[in-house]
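Asks: Structure in structure tokens, see below.
The values are calculated or read from the model by the stated rules, or taken from the named source; none is laboratory data. If you're wondering where the values come from, they're calculated on a predicted model, not measured in any experiment. Cβ placement follows ideal geometry from the backbone for every residue including glycine, while neighbour counts extend to all protein chains displayed.
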Amino acid sequence: MHTKGSTMVQSSSNTKGSNMVQSSSNTTGKKKQSPKQGKRIRKRNSPKGTKPRAQWNALLEKSLVEILHEHDNPYHRGQNGWSGESWTEMVNMFHQRNQHVRFDKSQVHDKEKELKRDYRMLKDAREQSGVGWIASEFKLDAEPFLWDNLAISFGPRILKFKKKSFPLYDTLADLYHKDNQRQSRVEHVEVNQRQSRVEHVEVNQRFVNIKEKEVNNEAAQQFTISKCTAALRTLEGFDPAEKPKAFVIFKTVENREIFLSSIEDNDGSALAWLRSEMAMLP
């Protein structure tokens with residue numbers, strides 16, 4: 001009996017201990033899961049009221065100017081410009097001809113004002129001393145040091161036309177210059193008056209051509225290649241190895257005149273100008 005009782009107590013103790021160990025093991029094995037903490041993603045809202053910038057190119061600008069010309073009459077355009085209704089009509093016409101773009105009325109209007117500002121700036125710049133105009137390229141023609149003066153007079157905006165052409169210049173002149181406006185309306189004059197005016201223009205043009213030829217002949221005699229070559233011999237800082245390129249520059253009367261006139265200033269501008277021209281040679 002003692003042995004049996006002892007065995008039962010031991011068995012009970014072992015069973016109880018085993019259950020406690022198993023329970024403790026199960027409890028230890030279960031880890032409390034922490035709540036998921038997802039990152040809050042803030043959505044960026046695009047600013048209200050902003051509109052995409054209008055992307056213009058030369059063809060779109062040309063199309064706009066053509067439409068402006070078509071509406072350049074007293075019905076659409078008054079002393080203060082085109083009426084609001086006319087602008088609506090022109091914008092619709094612009095989109096009909098250029099269906100791949102979509103500009104609002106203000107963007108088209110702003111482009112017209114920008115073109116007008118550039119035309120007037122270039123027109124005034126042409127009147128500056130020493131500044132010319134290359135009609136075949138629609139570009140300002142000025143010596144490098146004159147561009148600093150132009151930037152002071154008209155602001156840095158004009159510097160973009162140092163190498164960039166403005167092919168709409170003559171067309172915009174018909175819109176914004178009074179004399180040219182009258183010429184643009186010749187088609188509304190009677191046939192005999194129109195013919196008379198054309199003949200008058202042709203006579204004036206022949207006179208201008210004759211005068212230009214006389215001036216060019218005088219300049220060719222005054223500013224010769226031999227004079228330029230002689231000036232190179234005494235030009236301080238000039239490398240004789242640069243002569244072949246210099247001779248190419250001296251082929252035109254205008255270049256010879258600029259060079260010899262700059263030599264007289266004796267301020268180094270002649271050499272600076274010559275090297276800038278040679279640098280542009282292929």
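Asks: Among what's in the stretch 122-168 and is hydroxyl-bearing (Ser, Thr, Tyr) and assigned to a loop (DSSP other than H, G, I, E, B), pick the residue that is farthest from the chain's Cα centre (by Cα). Lay out the reasoning, then the answer.
Replies: In the first step, residues of the stretch 122-168 are kept if they are hydroxyl-bearing (Ser, Thr, Tyr); the result is 129, 136, 153, 165.
Imposing the further condition that a residue be assigned to a loop (DSSP other than H, G, I, E, B) reduces the set to 129, 136, 165.
Details: Ser129: 26, Ser136: 20, Ser165: 10 Å.
It comes out as Ser129.
Asks: Here's a follow-up. Would you confirm whether any residue within the stretch 95-105 is assigned by TED's automatic domain parsing to the domain that holds Tyr169, free of Cβ contacts under 8 Å to residues at least 24 places away in the same chain and touching a helix residue (DSSP H, G or I) at 6+ places or on another chain (Cβ under 6 Å)?
Replies: Of the residues in the stretch 95-105, the ones assigned by TED's automatic domain parsing to the domain that holds Tyr169 are 95-105.
Then keep just the ones that are free of Cβ contacts under 8 Å to residues at least 24 places away in the same chain; that gives 95-96, 99-100, 102, 105.
From what is left, the residues that are touching a helix residue (DSSP H, G or I) at 6+ places or on another chain (Cβ under 6 Å) are 105.
Checking the stretch 95-105: at least one residue is assigned by TED's automatic domain parsing to the domain that holds Tyr169, free of Cβ contacts under 8 Å to residues at least 24 places away in the same chain and touching a helix residue (DSSP H, G or I) at 6+ places or on another chain (Cβ under 6 Å).
Asks: A further question on this structure: Scanning for something loosely packed, with under 11 Cβ neighbours inside 10 Å and within 30 Å of Arg275 (Cβ to Cβ), does the stretch 136-143 turn up at least one residue? Give the derivation first.
Replies: Our first condition is that a residue be loosely packed, with under 11 Cβ neighbours inside 10 Å; within the stretch 136-143, this holds for 136.
Still in the running and within 30 Å of Arg275 (Cβ to Cβ): 136.
Yes.
Asks: For the stretch 59-107, what are the residues that are among the hydrophobic types (A, V, I, L, M, F, W, C) and under 22 Å from Asp170 (Cβ atoms)?
Replies: The initial filter retains those residues of the stretch 59-107 that are among the hydrophobic types (A, V, I, L, M, F, W, C), namely 59-60, 64-65, 67-68, 82, 87, 90-91, 93-94, 101, 103.
Those that are among the hydrophobic types (A, V, I, L, M, F, W, C) and under 22 Å from Asp170 (Cβ atoms): Leu59, Leu60, Leu64, Val65, Ile67, Leu68, Trp82, Met90, Phe94.
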